[in-house]
1. Can you say whether Glu181 is in contact (Cβ under 8 Å) with a residue 60 or more places away in the chain and either of a type outside the set (Ser, Thr, Tyr) or more than 24 Å from Asp91 (Cα to Cα) (or both), as far as the supplied structure shows?
2. Quick one: in the range 172-195, of everything that is in a loop (DSSP other than H, G, I, E, B) and modelled with pLDDT of 90 or more, which residue is farthest from Ile87 (Cα to Cα)?
3. Taking the criterion of being assigned to a strand (DSSP E or B) and surrounded by 15 or more Cβ atoms within 10 Å (Cβ to Cβ), would at least one residue in the range 226-236 satisfy it?
4. Would you pick out the residues in the range 197-211 that are surrounded by 13 or more Cβ atoms within 10 Å (Cβ to Cβ) and not in a loop (DSSP other than H, G, I, E, B)?
5. Is it the case, given these coordinates, that Val168 is surrounded by 11 or more Cβ atoms within 10 Å (Cβ to Cβ), modelled with pLDDT of 85 or more, of a type in the set (Val, Ile, Thr) and in contact with a Pro (Cβ under 6 Å, 6 or more places away or on another chain)?
6. Based on this model, can you work out whether Val164 counts as under 19 Å from Ala76 (Cβ atoms) and either in contact (Cβ under 8 Å) with a residue 40 or more places away in the chain or within 24 Å of the chain's Cα centre (by Cα) (or both)?
7. Contact list please: Cβ distance under 6 Å, first residue in the range 82-108 and touching a residue at least 12 places away in the same chain (Cβ under 8 Å), second residue among the basic types (Lys, Arg), pairs at least six apart or on different chains.
8. Please go through (1) within 20 Å of the chain's Cα centre (by Cα); (2) farther than 30 Å from Ala93 by Cβ; (3) not polar (S, T, N, Q) for Arg153 and return the number of the only condition it doesn't satisfy.
Amino acid sequence: MRLRLPLILALGLLPLAACSTVQEAMKGPDLAPVGYPAALAPMQQVVIDAQNNPPPASANSLWRAGGRAFFMDQRARKIGDILTVLIEIDDSAKTQNTSTSQRTSGMTAAVPHLLGLEGKIGRFLPPHNNFDPTNALETKTGSNNTGTGSVNRAEKISLTIAAVVSAVLPNGNLVIQGTQEVRTNAELRQLTVAGIVRPEDISSTNTIKNSQIAEARISYGGRGDISRVQKVPGMQSVVERFQPF
């Protein structure tokens, strides 16, 4: 009865967990709603109130208060400004390690005198009457260990994404984050980026490289029919993770 109860609960919750999965398998993944960037960075996001927009231009004037001037720096510097992130990753790593260890130990113990009982100990140990107190105990141990490991990895990514300034730190650095989703047939590709940048590193064209982003969090993946076929089944993944041998 104890084994049946968890099974019944799991079967009861299975339709709830699989509802979205079945729907996605039938019509493909849905795009996320357009809105202010999600909380990718671990901090409270500040949303600009639409009521704080600058007032309209006054009568007989071509300019309005708070408007951007033609010769003014157009680089992102305030909450809500947009800048372009150039992601260029071309990394490679190659390591090879080999280790060998060997150990041999031995011990010999003798009991030539043991309160006059060294001759009587042999009566209790087989073979009887052949016990030698000068060679009472002898041990020998040996171990060998050989390990070899190698890593050969190469990664190359070239992407461009627009990010939004979500916060301004006390020292003037900007917290940026952005999400980009592209759906092709039944496959959804999602690119997200988040991190902290210095205003001085933003170029005159309002762009910044991924190598200039501190605490960078870059994710490029997807979901859909192709990704589902390439992914290891969930139960198989659980079994391989927790199998003892």
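The values are calculated or read from the model by the stated rules, or taken from the named source; none is laboratory data. Since this is a predicted model, take the numbers as computed values, not measurements. Heads up, the Cβs are rebuilt from the backbone with ideal geometry, glycines too, and the neighbour counts pull from every protein chain shown.
1. Against the criterion (in contact (Cβ under 8 Å) with a residue 60 or more places away in the chain and either of a type outside the set (Ser, Thr, Tyr) or more than 24 Å from Asp91 (Cα to Cα) (or both)), Glu181 qualifies.
2. Gly172
3. No: the range 226-236 contains no residue that is assigned to a strand (DSSP E or B) and surrounded by 15 or more Cβ atoms within 10 Å (Cβ to Cβ).
4. Hits for the range 197-211 are Val197, Pro199, Asp201, Thr207, Ile208, Lys209, Asn210.
5. No; evaluated as a whole, the condition is false for this residue.
6. Answer is yes for this residue.
7. Leu86/Lys209; Asp90/Lys156; Ala93/Arg153; Gly106/Lys140
8. (2)
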